[in-house]
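These notes concern the structure reproduced below.
The values are calculated or read from the model by the stated rules, or taken from the named source; none is laboratory data. The shown structure was predicted, so the numbers you read here are calculated from the model rather than taken from an experiment. For neighbour counting, all protein chains shown are included, and Cβ atoms are generated from backbone atoms with ideal geometry for every residue, glycine included. Quick note on the areas: whole protein, heavy atoms, side chains included, nothing else; ligands and nucleic acids left out. Shrake-Rupley method; radii C 1.70, N 1.55, O 1.52, S 1.80 Å.
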Amino acid sequence: MLFCKKLNRMGYHLAKFSYTLYLTHMIILKLMSHYGLPKSLTVTTSTFLMYIGEVVIALISAYIIYWMFERNTKKFKKLLLAYT
């Protein structure tokens, strides 16, 4: 039961920035590709680790963008409603 609670908590935190991840992940992956991260036709240990690195970079980047903008949406909406 403790595992389920931890999994639920982790899912909750991932879900908070899922929309930002949806909007940004392709841009981030395209930028990495543009700046030299090669695509491979075969799966090896190094290419698998590069893939994991891409996923981690996309997640961290999306979370940073979420932290700067999306987490403040409720405050911003309240501010806008106060002036209408």
Exercise. Within the accessible area of the chain, what % is carbon and sulfur when the probe is 1.4 Å and the other protein chains stay in place?
Worked result: 72 percent
For this session: Would you list which lysines come within 26 Å of residue 77, measuring only between C-alpha atoms, while excluding same-chain residues fewer than 8 positions from it?
Result: 16
Exercise. Which of 72, 51, 21 sits closest to the plus end of the dipole of the chain, meaning its Cα is farthest towards the positive end, when Lys and Arg get +1 and Asp and Glu get -1 on the C-beta?
Worked result: 72
Problem set entry | Residue-span extension gain [residue 50 to residue 1] - 0.36 nm each, minus C-alpha spacing | 14.2 nm
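Given the rule -39500 (n - 2.57) for each run of at least 4 DSSP H residues, summed and divided by the residues of the chain, what is its mean residue ellipticity at 222 nm, to the nearest 500 deg cm²/dmol?
Numbers: 4 runs with 66 residues, N = 84.
Calculated at 222 nm, the ellipticity per residue is -26000 deg cm²/dmol.
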Exercise. Under a 5 Å amide H to amide H cut-off, with H placed in plane at 1.01 Å, what residues pair with residue 37 once short-range neighbours are removed?
Worked result: none
Exercise. Taking the structure as given and computing P(r) over Cα pairs in 10 Å bins from 0, in percent, which label from [x] 15, 32, 29, 18, 6, 1; [y] 15, 48, 28, 8, 1; [z] 18, 58, 23, 1 fits?
Worked result: [x]
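Counting Lys +1, Arg +1, Asp -1, Glu -1, what net charge surrounds residue 71 among other residues with beta carbon under 13 Å of its beta carbon? Mind dumping the intermediate values first?
Working: positive: 16, 74, 75, 77; negative: 70.
Combined, the nearby Lys, Arg, Asp and Glu give +3.
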